[in-house]
Amino acid sequence: MNVYDGQRIAAMLKTRGMVETDNVADADLIILNTCAVREKATNKVYSALGRIRRAKKESALFGIVGCVARESGADAFKRIPELNFVLGPQSYHKLPEIIDNPDTKLLNIDLGGLEKFDELPQMTQTPLVAYIPVQEGCNHCCTYCIVPYTRGREISRPFNDVINDTINAANTGAIEICFLGQNVNGYQYIDENGTTYRLSDLIRAAAQLPEIQRIRFTSSYPTEMTDDLIEIFGTEKKLLPFLNMPIQSGSPRILKLMNRPDDLNAYKTIVEKLKRVRPDIQISSDFIVGFPDETDEDFAETLRIAREIKYINSYSFKYSPRPHTAAALMKNQISEQIKSVRLQKLDAQLNENQREFNMSCIGAEMLCLYESADKTGKNLVFRTPYMQQCIVAKPDQKIASMQKIKIIDANKSCLHGEIIKSE
Ligand code: 5AD
Ligand code: SF4
């Protein structure tokens with residue numbers, strides 16, 4: 001979501017004639033796009049602000065946008081008096097106001113809902129992967145999560161708006177569409193005729209665009225994984241065989257405390273149904289270790305589910321108490337030391353899953369999407385349909401963005417392959 005917001009901010013500023021620089025000392029405008037989901041991220045924002053404050057030109061405008069802006073509000077100006085603007089994740093389209101009035105201070109952390117989408121100019125150039133938000137905010141109330149506070153109540157965007165953005169992305173360079181939402185599979189829009197649109201309708205419409213060759217979506221909430229969505233994995237070949245469906249913990253007791261779906265059998269049934277319609281599908285998850293009151297036995301259940309579902313490409317975090325959340329006030333907070341040990345153990349399991357899956361890919365032929373050159377400039381990095389990185393030697397001739405690649409080697413972090421020459 002932040003990558004998307006960053007791209008839109010950059011595109012908006014370009015329409016005003018601004019150009020990007022990597023050099024803070026050169027910049028006339030410096031924007032930190034921020035994440036508040038864990039305390040560490042928030043702390044990093046403030047240390048970066050301290051560094052920027054010292055390095056920037058006196059005249060440069062300087063501020064924060066995103067969730068830390070919303071969380072800190074006017075306090076941000078107290079902590080860093082030089083800041084010119086503090087704009088929440090739904091008000092960054094107001095940036096031009098501060099450019100036009102550089103001698104003022106701009107604070108806007110309102111939950112404007114979908115207003116920003118109407119205000120932002122359309123992208124004139126889209127990267128190969130286009131992020132398309134289908135909703136803002138989240139109506140689930142996971143007790144650890146600050147997002148319902150920072151991004152507000154869930155609102156699904158009108159179907160036609162999402163499709164227009166998708167068509168525009170296809171016409172301006174995108175090959176892959178990634179539909180985005182905090183609760184993306186809960187997308188539901190009812191138009192003025194009473195017709196209901198779901199994520200499966202968005203996928204079907206995007207798949208009709210000839211330029212679009214790959215479709216994925218993130219992040220899914222387990223109980224919103226309805227049969228229409230499961231079935232579309234069997235019928236829509238452009239939909240990648242890869243689903244991010246966070247479970248967070250393998251302990252029903254902890255899931256209840258998290259206010260998350262706690263029926264592990266129901267979760268496993270969804271995975272089985274998906275495998276029935278798309279036998280090659282792989283699942284990824286996010287995990288939180290050290291949630292308040294998590295015992296060794298609860299944690300062992302998390303390890304067990306990670307092994308059983310064989311999650312790939314997953315993320316694991318130490319629980320971080322956040323303001324405006326219920327879990328921050330719960331008893332039996334877990335020590336940093338225990339959290340670290342559990343995180344290490346879980347990461348070892350997730351790495352083992354990834355290594356096993358990567359090794360099983362050796363010999364396979366996969367249609368992959370170009371991402372970038374590697375640091376050496378001698379290799380190219382592609383993304384497989386499972387979002388693994390695949391490295392190939394840079395060929396002499398120009399290549400297309402989608403390439404069939406034979407996997408020749410693998411380790412826990414990536415694959416190595418050879419481009420299969422088309423006859
Ligand atoms: N502490 C640790 N991890 C968190 N996440 C969300 N809130 C917290 C928190 N307070 C993780 C969840 C979520 C991901 C985006 O961030 O795993 O899926
Ligand atoms: Fe946060 Fe995701 Fe839960 Fe919504 S579903 S409250 S964004 S963790």
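Against the condition within 16 Å of ligand 1 (Cβ to nearest atom) and of a type in the set (A, V, I, L, M), how does Leu202 come out, does it pass? The answer is no for Leu202.
Residues in the range 262-283 that are in contact with a Pro (Cβ under 8 Å, 6 or more places away or on another chain) and touching a residue at least 40 places away in the same chain (Cβ under 8 Å): Leu264, Ala266, Tyr267, Ile270, Arg278, Ile281, Gln282. The criterion of being touching a residue at least 40 places away in the same chain (Cβ under 8 Å) and out of contact with any Lys or Arg (no Cβ under 6 Å at 6 or more places or on another chain) holds for Gln388.
Just give me the residues in the range 238-259 being within 16 Å of ligand 2 (Cβ to nearest atom) and part of a helix (DSSP H, G or I), in sequence order. If the condition is that a residue be within 16 Å of ligand 2 (Cβ to nearest atom) and part of a helix (DSSP H, G or I), then Ile254, Leu255, Lys256, Leu257 are the ones that fit.
Could you list, in sequence order, the residues of the range 101-148 that are within 16 Å of ligand 1 (Cβ to nearest atom) and either touching a strand residue (DSSP E or B) at 6+ places or on another chain (Cβ under 8 Å) or small (Gly, Ala, Ser) (or both)? Those that are within 16 Å of ligand 1 (Cβ to nearest atom) and either touching a strand residue (DSSP E or B) at 6+ places or on another chain (Cβ under 8 Å) or small (Gly, Ala, Ser) (or both): Tyr131, Pro133, Gln135, Glu136, Gly137, Cys142, Tyr144.
Which residue out of Glu356, Glu365, Glu371 is away from ligand 2 (no atom under 16 Å from the Cβ), farther than 20 Å from Gln248 by Cα, of a type in the set (D, E, K, R) and crowded, with 16+ Cβ neighbours inside 10 Å?
Numbers: Glu356 fails: crowded, with 16+ Cβ neighbours inside 10 Å; Glu365 fails: crowded, with 16+ Cβ neighbours inside 10 Å.
When all the criteria are applied, what remains is Glu371.
Within the range 25-44, the residues that satisfy the criterion of being surrounded by 12 or more Cβ atoms within 10 Å (Cβ to Cβ), hydrophobic (A, V, I, L, M, F, W, C) and either outside any helix (DSSP H, G or I) or at pLDDT 95 or above (or both) are Ala27, Leu29, Ile30, Ile31, Leu32, Cys35, Ala36, Val37.
The requirement of being within 16 Å of ligand 1 (Cβ to nearest atom), modelled with pLDDT of 95 or more and among the hydrophobic types (A, V, I, L, M, F, W, C) is satisfied by Val184. Mind checking which residues of the range 260-295 are assigned to a loop (DSSP other than H, G, I, E, B), surrounded by fewer than 19 Cβ atoms within 10 Å (Cβ to Cβ) and charged (D, E, K, R)? Correct list: Asp262, Asp263, Asp280, Asp293. In the range 351-379, how many are in contact with a Cys (Cβ under 9 Å, 6 or more places away or on another chain) and aliphatic (A, V, I, L, M)? Going through the range 351-379 one residue at a time, the tally reaches 1. Residues that are touching a helix residue (DSSP H, G or I) at 6+ places or on another chain (Cβ under 6 Å) and either more than 14 Å from Gln248 (Cβ to Cβ) or of a type in the set (A, V, I, L, M) (or both) were ranked within the range 323-349; the one that is farthest from ligand 2 (Cβ to nearest atom) is Gln349. Where in the range 296-403 are the strands (runs of 3 or more DSSP E), entirely inside, with at least 3 residues that are within 17 Å of Asn244 (Cα to Cα) and within 16 Å of ligand 1 (Cβ to nearest atom)? In the range 296-403, 315-318 are the strands (runs of 3 or more DSSP E) which contain 3 or more residues that are within 17 Å of Asn244 (Cα to Cα) and within 16 Å of ligand 1 (Cβ to nearest atom). Checking each residue in the range 45-80 for being without any contact (Cβ under 8 Å) to a residue 60 or more places away in the chain, touching a Ser or Thr at 6+ places or on another chain (Cβ under 7 Å) and assigned to a helix (DSSP H, G or I) picks out Val45, Val68, Ala69. What about Phe217, is it crowded, with 17+ Cβ neighbours inside 10 Å and more than 15 Å from ligand 2 (Cβ to nearest atom)? Judged against the criteria, Phe217 is not a match.
Looking at Asn183, Asn164, Asn160, Asn193, can you tell me which residue is under 18 Å from Leu114 (Cα atoms), over 22 Å from the mean Cα position of the chain (by Cα) and either surrounded by fewer than 22 Cβ atoms within 10 Å (Cβ to Cβ) or basic (Lys, Arg) (or both)?
When all the criteria are applied, what remains is Asn160.
Residue count for the range 141-189, restricted to those that are over 30 Å from Met258 (Cα atoms) and either without any contact (Cβ under 8 Å) to a residue 24 or more places away in the chain or not in a strand (DSSP E or B) (or both): 18. If I ask for residues that are free of Cβ contacts under 8 Å to residues at least 24 places away in the same chain and either assigned to a loop (DSSP other than H, G, I, E, B) or assigned by TED's automatic domain parsing to the domain that holds Phe217 (or both), which ones from the range 1-24 would you list? Listed by number, the residues that qualify are Gly17, Met18, Val19, Glu20, Thr21, Asp22, Asn23.
The values are calculated or read from the model by the stated rules, or taken from the named source; none is laboratory data. Here the structure is a predicted model, which is why all the values come from computation and not from measurement. As a convention, Cβ positions derive from the backbone with ideal geometry for all residues, glycine included, and neighbour counts pool all protein chains shown.
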